[in-house]
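> Let me begin by handing over the structure; questions about it come next.
The values are calculated or read from the model by the stated rules, or taken from the named source; none is laboratory data. Predicted, not measured: the structure shown is a model, and the values here were computed from it. Don't worry about glycine lacking a Cβ; one is built from the backbone with ideal geometry, like all the others, and counts go over all protein chains shown.
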């Protein structure tokens, strides 16, 4: 039975991937940072651990628990935990940026380092990291989140080169709009850290608030968390997984646009993509 640790399983992509892999016979070690979510998933029949990726002690304890439970093995790691800090670059205070990186980058990095010790010892393993369309297409109003995902892309590209021929495979999943709790969670951080009234962008931020508060899908071509999870499962089970798995039409479109267009034209396309969010795309 193959085993996997998945971070960020309280809802959305992590939860859906955990459920799908469990149905396929994997031993899934799901994880959440809130005790109530851990208890809920355990009640649903998932093995679930308390794991806040910003806490090194939590990461060490999770790996120790898994190794004790499996006899020292782990087949895969899916780094899914993360959130989005909305706001213009000039309005993001250092504490907000630090918090964004602690979860999205440093926590992911440390989980990978911990799992790599097991993978190296056994001579095989899988690392799957949840990036984003914003990991290669930097749209306005998302500077902290964009840069954290660009960092993950660089991390995985480097690690892929360092593990070549080792039996350890490293892949990224790059979702576009997915129906999850991403926007409600981003709204909390937006209100916590962005001083809207003091910003030169205060009028534009009203559009951001409308987007984050909107019920239902906020963007065209939105897919379900289950649809994205199916791609994650494909990546984890492929004999020779690809380096990147693009999910949703916008991700595929912008992937090709980035390769075909000169920078100025690509920048225009990125502004047009958020034209209803405070930028007119000119």
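> Would you please list the contacts, defined by Cβ atoms under 6 Å and residues six or more apart or on different chains, that run from a residue in the range 93-104 that is under 15 Å from residue 142 (Cβ atoms) to a residue that is not in a loop (DSSP other than H, G, I, E, B)?
Close Cβ pairs (under 6 Å, with a partner that is not in a loop (DSSP other than H, G, I, E, B)) amount to 96/193; 97/144; 100/144; 100/148; 101/148; 104/148.
> Right, another one. With the checklist (1) part of a strand (DSSP E or B); (2) exposed (fewer than 14 other Cβ atoms within 10 Å of the Cβ) in hand, flag the one item residue 78 doesn't pass.
Residue 78 satisfies all of (1) part of a strand (DSSP E or B); (2) exposed (fewer than 14 other Cβ atoms within 10 Å of the Cβ) except (2).
> Restricting attention to the range 1-34, report how many residues are in a helix (DSSP H, G or I) and either within 16 Å of the chain's Cα centre (by Cα) or in contact (Cβ under 8 Å) with a residue 60 or more places away in the chain (or both).
Within the range 1-34, residues that are in a helix (DSSP H, G or I) and either within 16 Å of the chain's Cα centre (by Cα) or in contact (Cβ under 8 Å) with a residue 60 or more places away in the chain (or both) number 10.
> Inspect all residues belonging to the range 115-136 and state whether any of them is more than 27 Å from residue 246 (Cβ to Cβ) and crowded, with 18+ Cβ neighbours inside 10 Å.
Within the range 115-136, one or more residues are more than 27 Å from residue 246 (Cβ to Cβ) and crowded, with 18+ Cβ neighbours inside 10 Å.
> Every residue in the range 153-174 that is surrounded by 22 or more Cβ atoms within 10 Å (Cβ to Cβ) and either in a helix (DSSP H, G or I) or out of contact with any strand residue (DSSP E or B) (no Cβ under 7 Å at 6 or more places or on another chain) (or both), please.
Passing the criteria: only 156.
> Here is a further query. Kindly provide the set of residues from the range 233-257 that are surrounded by 14 or more Cβ atoms within 10 Å (Cβ to Cβ), within 21 Å of residue 137 (Cα to Cα), under 21 Å from the mean Cα position of the chain (by Cα) and in contact (Cβ under 8 Å) with a residue 12 or more places away in the chain, ordered by number.
244, 245, 246, 247, 248, 249, 250, 251, 254, 255 - these are the residues of the range 233-257 that are surrounded by 14 or more Cβ atoms within 10 Å (Cβ to Cβ), within 21 Å of residue 137 (Cα to Cα), under 21 Å from the mean Cα position of the chain (by Cα) and in contact (Cβ under 8 Å) with a residue 12 or more places away in the chain.
> Let me ask another. State yes or no: is residue 73 at pLDDT below 95 and either more than 19 Å from residue 153 (Cβ to Cβ) or surrounded by fewer than 20 Cβ atoms within 10 Å (Cβ to Cβ) (or both)?
no
> Then there's this: Looking only at the range 54-67, decide whether some residue is under 20 Å from the mean Cα position of the chain (by Cα) and without any contact (Cβ under 8 Å) to a residue 40 or more places away in the chain.
Within the range 54-67, one or more residues are under 20 Å from the mean Cα position of the chain (by Cα) and without any contact (Cβ under 8 Å) to a residue 40 or more places away in the chain.
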